[in-house]
Amino acid sequence: MKKEQVPQDEGNLVKSNIKDLYYAVDEEGKYTTVLSTGWEAKTLAQDESMDLIKERVEDARSKVLAGELSPIAYYMEVNKMDVSILSSYTHIWSWFVKRHMKPANFHKLKTKTLQKYAEAFGINIEQLKDISKYPGLQQ
Amino acid sequence: MKLEFEHHQSAHCENGVASNLLKNKGVNISEPMAFGIGSGLFFVYLPFLRVNHAPGFSYRPMPGFIFKRLSKRLGFKIERKKFSSPQKAQSTLDTMLENKIPVGLQVGVFNLVYFPDEYRFHFNAHNLVVYGKEKDKYLISDPVIEYPVELTEKELEKVRFAKGALPPKGHMYYLTYIPEKINLEQAIIKGIKQTCNDMLAPVPIVGVRAMRWVAKNIKKWPNSIGIKKTNHYLGQLIRMQEEIGTGGGGFRYIYAAFLQEASSVLKKPELKEMSKEMTEIGDEWRDFALNISRVYKNRTTGSSMYEELSKQLMNLSYREEAFFKKLKTIIRL
């Protein structure tokens with residue numbers, strides 16, 4: 001890639017005031033470094049991935065509100081986690097995490113277990129029990 | 001307290017940390033040099049490992065490998081520590097800083113507050129340097145960011161003790177010994193040889209053969225898992241190629257920059273030609289990423305698009321195979 005070809009699109013980095021560093025060749029064919037504000041192809045891939053997360057969050061949210069899943073499922077998606085990541089943050093076996101996603105099992109959980117989940121999600125127990133108390137919901 | 005430490009931005013975190021720590025000790029090793037000697041160019045396909053609900057692709061070796069090989073080949077020594085207790089991890093870090101030693105850390109990206117949301121996934125192989133502490137804030141040289149940043153004690157603890165795949169467990173490292181004389185030529189040759197062997201490895205999950213496996217799967221995915229998932233997997237391929245800390249198309253350019261530098265160190269003009277060729281290969285990787293992104297943008301359906309992408313990746317694998325075979329013979333002479 002030539003120096004002039006280093007893309008300067010408005011990417012997701014711009015809002016955090018970050019630029020990427022690229023290696024590119026100058027007029028004499030010598031390698032040098034150039035800063036880039038973003039590249040469309042990359043931005044599209046990132047947006048796709050964010051859309052997927054939003055969709056998963058929405059899906060989990062409606063299932064929690066319909067009483068099909070416990071709030072754990074919703075917060076797991078909000079935090080971009082999957083069962084194995086959540087399991088390692090809470091030190092609760094995956095098999096149990098899956099069980100705790102059923103509302104009936106969730107309601108039987110001890111405060112100590114609830115606390116583990118709340119900590120993993122960076123919220124308090126009250127928010128964990130009722131997803132409408134989570135500020136991220138209002139958007 | 002603030003240590004003498006010059007922050008240089010780099011294209012990739014591990015090379016950047018390696019290069020920055022060495023420059024701090026007066027050893028002038030550029031990022032491409034660190035990358036080339038540490039055999040950073042790689043391709044691996046891990047269909048069983050899930051990252052953000054897609055299979056794992058990586059354009060680099062396991063975290064820590066680049067630095068480890070670099071240290072072995074240049075003859076300097078690194079001390080590494082992992083912790084089970086966050087308090088111990090923090091107090092050890094503080095002691096190091098009091099002793100005026102800048103410290104490299106392996107951290108998780110998800111809780112790095114200075115990154116935009118799009119970059120924050122549960123990916124635990126990012127590297128940065130801590131070079132001071134003022135009140136309860138650590139001074140951080142994150143090699144992929146233009147300027148130095150800061151993290152509070154709490155924030156740093158969170159990223160050092162991130163969970164999930166490859167948990168860093170407070171992993172810290174620092175230089176303990178620098179030899180007086182460095183045999184750069186020999187280190188470069190060793191680095192190139194290993195990259196050739198890695199890329200030409202006779203196993204299906206690494207190197208050009210892994211690229212072929214992915215190419216074959218791209219054709220199959222639309223039928224087996226549906227268009228939506230296929231596009232997501234392809235998006236993962238782009239992100240791993242182009243994003244902070246992973247960089248693949250970008251990696252090809254760093255490697256080309258390395259070959260250019262190596263050409264003058266080893267006085268082998270052929271390597272300059274190889275550098276040009278690698279630049280072209282890098283351009284083709286970028287075209288590949290661009291073509292993938294067009295699949296989303298136009299929401300084009302039909303399997304012909306996927307056939308095309310598969311063909312393009314297959315061609316890249318043949319091109320890289322030929323490249324590394326040639327590079328191997330050049331370096332032997």
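The table below lists the values:
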{"item": "Complex-versus-alone comparison for region B:259-296, residues with a loss of 50 Å² or more in accessible area, probe 1.4 Å", "result": "B:Gln260, B:Arg286, B:Tyr296"}
{"item": "Carbon/sulfur fraction of accessible area - region B:125-180, other protein chains in place, 1.4 Å, %", "result": "51"}
{"item": "Estimated FRET transfer efficiency (B:Lys229, B:Lys88; beta-carbon r; R0 56 Å; 0.05)", "result": "0.85"}
{"item": "Crossing angle, helix B:227-242 versus chain B [Cα axis fit, 0-90 degrees, rounded to tens]", "result": "50"}
{"item": "Minimum 50 Å² accessible area buried by the other protein chains, region A:80-114 residues, probe 1.4 Å, relative to alone", "result": "A:Lys80, A:Tyr89"}
{"item": "Interface residues, region B:1-20 - accessible area loss of 40 Å² or more versus chain alone, probe 1.4 Å", "result": "B:Gln9"}
{"item": "Area hidden from solvent between A and B (accessible, protein heavy atoms only, 1.4 Å, total, Å²)", "result": "4000"}
{"item": "Residues whose placed amide H lies under 5 Å from that of B:Val51, excluding near-sequence neighbours", "result": "B:Gly56"}
{"item": "Computed over chain B: relative contact order in percent, which uses C-alpha pairs under 8 Å that are six or more apart", "result": "21"}
{"item": "FRET E, pair B:Ser264, B:Val27, Förster distance 22 Å, beta-carbon r, rounded to 0.05", "result": "0.75"}
{"item": "1.4 Å probe accessible area per residue over chain B, in Å²", "result": "40"}
{"item": "GNM top mover of A:Lys102, A:Lys19, A:Lys30 - chain A, alpha-carbon springs below 10 Å", "result": "A:Lys30"}
{"item": "Cβ-placed point charges (K, R +1; D, E -1), dipole of region B:187-333 about Cα centre in debye, nearest 20", "result": "360"}
{"item": "Counted charge near B:Gln312, where neighbours are those whose Cβ lies closer than 11 Å (Asp, Glu -1; Lys, Arg +1)", "result": "-2"}
{"item": "Accessible area, probe 1.4 Å, largest first, for residues A:Met50, B:Met211", "result": "A:Met50, B:Met211"}
{"item": "Residue with peak Gaussian network fluctuation, chain A [Cα springs, cutoff 10 Å], from A:Lys15, A:Lys108, A:Lys54", "result": "A:Lys15"}
{"item": "Cross-link pairs B:Lys82/B:Lys193; B:Lys81/B:Lys229; A:Lys19/B:Lys158; B:Lys272/B:Lys297 - those with Cα-Cα distance over 28 Å", "result": "B:Lys82/B:Lys193; B:Lys81/B:Lys229; B:Lys272/B:Lys297"}
{"item": "Positive-end residue of A:Leu35, A:Gln8, B:Pro167, charge dipole of the protein assembly as shown with Cβ unit charges", "result": "B:Pro167"}
{"item": "Global geometry of chain B, whether rounded, prolate or oblate, following the gyration tensor of its Cα atoms and the 1.5 cut on a/c", "result": "oblate"}
{"item": "Accessible solvent surface per residue of region A:1-107, calculated while the other protein chains remain in place, 1.4 angstrom probe, Å²", "result": "50"}
{"item": "Accessible area of region B:270-333 belonging to carbon and sulfur atoms, whole % at 1.4 Å probe", "result": "50"}
{"item": "Charge context of B:Leu333, other residues only, Cβ under 9 angstrom, K/R +1, D/E -1", "result": "+1"}
{"item": "Region A:11-139 shape via C-alpha gyration tensor axes, a/c threshold 1.5", "result": "prolate"}
{"item": "MRE, 222 nm, helices only [DSSP H, n ≥ 4, -39500 (n - 2.57), over the protein assembly as shown, to nearest 500]", "result": "-17000 deg cm²/dmol"}
{"item": "GNM top mover of B:Ile281, B:Ile254, B:Ile225 - chain B, alpha-carbon springs below 10 Å", "result": "B:Ile225"}
{"item": "Top positive-direction residue, dipole computed over region B:167-296 with Cβ charges, set B:Ala256, B:Asn223, B:Val295", "result": "B:Asn223"}
{"item": "Part-to-part distance (alpha-carbon centres) for region A:77-115 and region A:28-55, which is given in Å", "result": "34"}
{"item": "Check: region B:23-177 dipole with +1 on Lys, Arg Cβ and -1 on Asp, Glu Cβ, in debye", "result": "760"}
{"item": "Carbon + sulfur, % of accessible area of chain A - ligands and nucleic acids excluded, 1.4 Å", "result": "50"}
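The values are calculated or read from the model by the stated rules, or taken from the named source; none is laboratory data. Just so it is clear, the model here is predicted, and its values are computed rather than measured. Here Cβ is always computed from backbone atoms with ideal geometry, including for glycine, and neighbour counts include all displayed protein chains. Side chains are part of the model used for accessible areas, which takes the heavy atoms of the whole protein and leaves out ligands, DNA and RNA. Shrake-Rupley method; radii C 1.70, N 1.55, O 1.52, S 1.80 Å.
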